[in-house]
Amino acid sequence: MCGIGGVMNRDPSRPVDPNVLVAMAAIQSHRGPDGCGWKVVDDRGVGFAHARLAIIDLNPERGRQPFVSADGQHTIVHNGEFYDYKRLRSDLTSRGYRFATKSDTELTLHLADRYGLEGALPHLRGEFAFAFYEKAADRLTLVRDRFGVKPLYWAQTPESFVFGSEIKVVFAHPDVQRQISSQGLYHQLMQLMVPGTSAFEGVHAVQPGQMVIVDRQNGQLRVQTKTYWDLNFPLLSDRHSSQPDEFYIEELRRYFIEAIQLKLEADVPVACYLSGGIDSCTILGVAAACQQSPVKAFTVGFDDRDYDETAISQEMAQAVGADQDIVTVQGGQLYEHFARAIWHTERSIYNTFTIAKMLLSEHVHNAGYRVVLTGEGSDELFAGYPQLRLDMILHGMQDASPAERADLEDWLQASNRIFKGNLLAEKPLDDPALTDAIGFTPSCLQSWLTAAHSVPSLMHPERRAATRDYSPGAAIASVIDRSQIQGRHPLDKVQYIWIKTQFESQVLGWAGDRVDMANSMEARPPFLDHHFVEFAVTLPPLMRFRGRKDKFVLREAMRGLLPKALYERQKFAFMAPPAHTDLAKQKAMRSLADDFLSKQAIEAAGLLDNAAVQQVLQQHGDSNTSDSERTKLDAIINHMLSVQMLHQHFVATDVPKQARDRAKDLGWQVQQPTLTNV
């Protein structure tokens, strides 16, 4: 698990500056504090940078990337993990391939030699982002894992194609423009982003399951994208037959145990994140059984009983004999670390639970761990979120009577009351473009689309004018692959949409990799093992949500591991208490607002409308404002703080100089490191 970066110049005779490569590695040293590697491909105008976090093959020289094939034809830099690599190594060894390292990265070079790069991808199992250069074809390919667990960005200048694990890595190249775009600002203020975009002008994200292919044509760099994997829910016409419940339960259990066994493989100790949900609890239980020994479990708690899950997590830890370590976050702490979190997330946040997660990963790192198993993906696959269940109730229960659907909807709304105006929209919303693409506007997007109505008034007049005719719903609908939605069950549709939008950019992004890797922590999500997922999407909808039970099949498959209270407990979204629920948090938030939302700061950034900002702050402090309205205002204020901090971190700051200074502080020099030819 590491950080990568690199450059491909339009002119192959123009060499890549090694100083830039070292700076690109240094600015992401939090992703890889164990060393810097770089490589320039002679006479090709191509260069790679790597910051290493040692997880597999701890030898500091043997594991140093980039890796170059023995014949010099292929070069790779890789962030992430490939699982099942021992079996693949054995198979390749039997076919005459020899390995120079224990690193899983080396697999890709040999697989590509045997099958070609695209043919190698089906063999790769895990979460990863890598860049692969083929000298004979003069072709650079960026590859991102199937769900986007690992980030990867790119941008073009008039002379170069620049890429990196984080946006700041791309910005470390002195020729890359650093400017928040008007449409990017719009989406940062509403939280919901268009897949493949960022907050910044000209900076793109490689989408999950895609390759970005760069070659030279007629003196120019040509950039193409290609999908190598997607989430293929069955067509309704193929769901005409189903197996008994026991079949799905047993198969799910088998795939799940295999996924956890593979993710326990490491040359360093592996711990677990443990919340009060069944996702992390089942992972902990299976991991303990696989290891036949107690597992270290880390839990974050809050000083607010409505949001704190430590009691139920303690029950699970005791049930499997885990060694639990609880970190309780106080209200004011979350805003104290807000600006640091935004430097890592590189996008806006609506709730401070991402900061709590960052503080948790910092504690885990300080406790001596580098790898944790985590529960992301379960809610997406098994309808754990209230928004997904709401659409199942409204659109996917054709056999239920109107009275039954109304009863279930009332139950869902009542049981998730504290998320009203946040995860659940207060009133139904119909977006014409999304309804045209999907058949209805998914509930999982409605609360964010509702927030979009207030966005134009918050924007600086020039930014407002630039987005006058902009429709965020239409922008999202335009990049969704309709062939993956048409003819599917309504629950399949909304799960697909959520996974392609908020799951990738929010759950896996600013609440996942970015705040874990802020502290050099590798998080491994067993629920996103693609073999497990390819079975999970075949599950009938009623195996995911039945009666009033979300994640029905997972509960039944893991029933023997779960305490009764947890087995019967409804999904509770992991969130930090909003600012208005706590006087200390309100004070800390106001202190940040005094700095970042002052008239002077707003005028300097040119992003927001000062009068509108002050009106939001005044309304938030008004005692007559309802709790649900203040919950929405909390998110709006968090968004406004975020965009101001994004400007401060990445536009007002000289990022290339910051990267060079970081390299100097680390002692990472341009002197060519020893690289391994494999």
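Conditions (1) in contact (Cβ under 8 Å) with a residue 40 or more places away in the chain; (2) among the aliphatic types (A, V, I, L, M), marked per residue:
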residue	(1), (2)
Glu258	yes, no
Leu274	yes, yes
Ile283	yes, yes
Ala297	no, yes
Gly331	yes, no
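For the stretch 526-576, filtered to residues that are within 17 Å of Val286 (Cβ to Cβ) and free of Cβ contacts under 8 Å to residues at least 12 places away in the same chain, the residue that is farthest from the chain's Cα centre (by Cα) is Gly560.
Taken over the stretch 280-310, the criterion of being assigned to a helix (DSSP H, G or I) and of a type in the set (Gly, Ala, Ser) is satisfied by Ser280, Gly285, Ala287, Ala288, Ala289. Of all residues in the stretch 302-336, those that are within 20 Å of Pro577 (Cβ to Cβ) and either surrounded by 19 or more Cβ atoms within 10 Å (Cβ to Cβ) or modelled with pLDDT under 90 (or both) total 19. So if I check each of Pro269, Pro294, which one is within 14 Å of Val371 (Cβ to Cβ) and open to solvent by 70 Å² or more (accessible area, probe 1.4 Å)? Matching residue, one of Pro269, Pro294: Pro269. On the given criteria, is Ala259 assigned to a loop (DSSP other than H, G, I, E, B), of a type in the set (A, V, I, L, M), within 23 Å of the chain's Cα centre (by Cα) and over 24 Å from Ala635 (Cβ atoms)? Criteria not met by Ala259.
Note on the stretch 177-198: residues that are open to solvent by 10 Å² or more (accessible area, probe 1.4 Å), free of Cβ contacts under 8 Å to residues at least 40 places away in the same chain and either within 14 Å of Ala475 (Cβ to Cβ) or among the β-branched types (Val, Ile, Thr) (or both) amount to 2. A count restricted to the stretch 355-374 and to residues that are of a type outside the set (S, T, N, Q) and part of a helix (DSSP H, G or I) stands at 10. Residues in the stretch 87-98 include at least one that is part of a loop (DSSP other than H, G, I, E, B) and open to solvent by 60 Å² or more (accessible area, probe 1.4 Å).
The set of residues in the stretch 226-254 being closer than 30 Å to Val212 by Cα and of a type in the set (Asp, Glu) consists of Asp230 alone. The condition (being in contact with a Leu (Cβ under 9 Å, 6 or more places away or on another chain), assigned to a helix (DSSP H, G or I), open to solvent by less than 20 Å² (accessible area, probe 1.4 Å) and farther than 30 Å from Asp529 by Cβ) is satisfied by just one residue among Leu449, Leu445, Leu390: Leu449.
The values are calculated or read from the model by the stated rules, or taken from the named source; none is laboratory data. All values reported here derive from a predicted model rather than from experimental measurement. Ideal geometry is used to build each Cβ from the backbone, glycine not excepted, and the neighbour counts take in all protein chains shown. To get the accessible areas, we keep the full protein, side chains included, count just its heavy atoms, and leave off ligands, DNA and RNA. Shrake-Rupley method; radii C 1.70, N 1.55, O 1.52, S 1.80 Å.
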